[in-house]
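These notes concern the structure reproduced below.
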Amino acid sequence: MFGLDALASIVGLVFPPVADFIKKKFIKPSADTPQATLSSLATTKPEIMPQYIESQSKLIDSEVRFFNRDVVQQVSTWVSDLRASIRPIFTVISLALVIYSTIKQVPIDESFKCLMDLCISSWFGSRLVN
């Protein structure tokens, strides 16, 4: 079923740029930022600025502590590198298996081949966005 492979490849290639376009075009970023609030306070109530800055710093500190709640210490470099390499490794292996199965006429399960095609094309599609 070549059609299913082609469909998975096209969806994986087209979906990331289309999703990025829709997000940028129709979902506007909020104008209510801490910088905008600080700018407005500077012109209207400058005496409130120190309390606002202090509360923002406490908020950011608590968000960082919550985000790092399960990290006891600094993540080692090899763990960080391993996490960063999972998707590229799977993409390279998928590409090699698809090429090998095409050249040597080795049958691969159709659903697994679709998954590999989707992985390869979505990686290339996400490169189009960046």
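Have a look at SER80, SER94, SER111, SER121 and point out the one that is touching a residue at least 40 places away in the same chain (Cβ under 8 Å) and of a type in the set (Ser, Thr, Tyr).
One residue alone meets the criteria, SER121.
Taken together, ARG83, ARG65 contain a single residue that is more than 21 Å from the chain's Cα centre (by Cα) and basic (Lys, Arg), which is ARG65. Checked against (1) in a helix (DSSP H, G or I); (2) loosely packed, with under 13 Cβ neighbours inside 10 Å, VAL75 meets all criteria but (1).
If you go through segment 42-51 one residue at a time, do you hit one that is of a type in the set (Gly, Ala, Ser) and in contact with a helix residue (DSSP H, G or I) (Cβ under 9 Å, 6 or more places away or on another chain)?
Looking through segment 42-51, at least one residue is of a type in the set (Gly, Ala, Ser) and in contact with a helix residue (DSSP H, G or I) (Cβ under 9 Å, 6 or more places away or on another chain).
Taking residues in segment 44-62 that are within 14 Å of THR33 (Cα to Cα), and partners anywhere that are in a helix (DSSP H, G or I) and aliphatic (A, V, I, L, M), the pairs with Cβ atoms closer than 7 Å and at least 6 places apart or on different chains are TYR52/LEU38; TYR52/LEU41.
For segment 87-123, taking the residues that are polar (S, T, N, Q) and loosely packed, with under 12 Cβ neighbours inside 10 Å, the one that is farthest from ALA6 (Cα to Cα) is identified as GLN105. Being closer than 29 Å to LEU7 by Cα and assigned to a helix (DSSP H, G or I) is true for just one of ALA36, ALA84. Which residue is that? The unique qualifying residue is ALA84. The single condition among (1) free of Cβ contacts under 8 Å to residues at least 24 places away in the same chain; (2) under 19 Å from the mean Cα position of the chain (by Cα); (3) surrounded by 11 or more Cβ atoms within 10 Å (Cβ to Cβ) that PRO29 does not satisfy is (3). Tell me whether segment 96-109 contains one or more residues that are of a type in the set (Phe, Trp, Tyr), modelled with pLDDT of 85 or more, in a helix (DSSP H, G or I) and over 21 Å from LEU13 (Cβ atoms). Yes, because at least one residue in segment 96-109 is of a type in the set (Phe, Trp, Tyr), modelled with pLDDT of 85 or more, in a helix (DSSP H, G or I) and over 21 Å from LEU13 (Cβ atoms).
The values are calculated or read from the model by the stated rules, or taken from the named source; none is laboratory data. If you're wondering where the values come from, they're calculated on a predicted model, not measured in any experiment. Note that each Cβ is placed from the backbone with ideal geometry, even for glycine, and that neighbours are counted across all protein chains shown.
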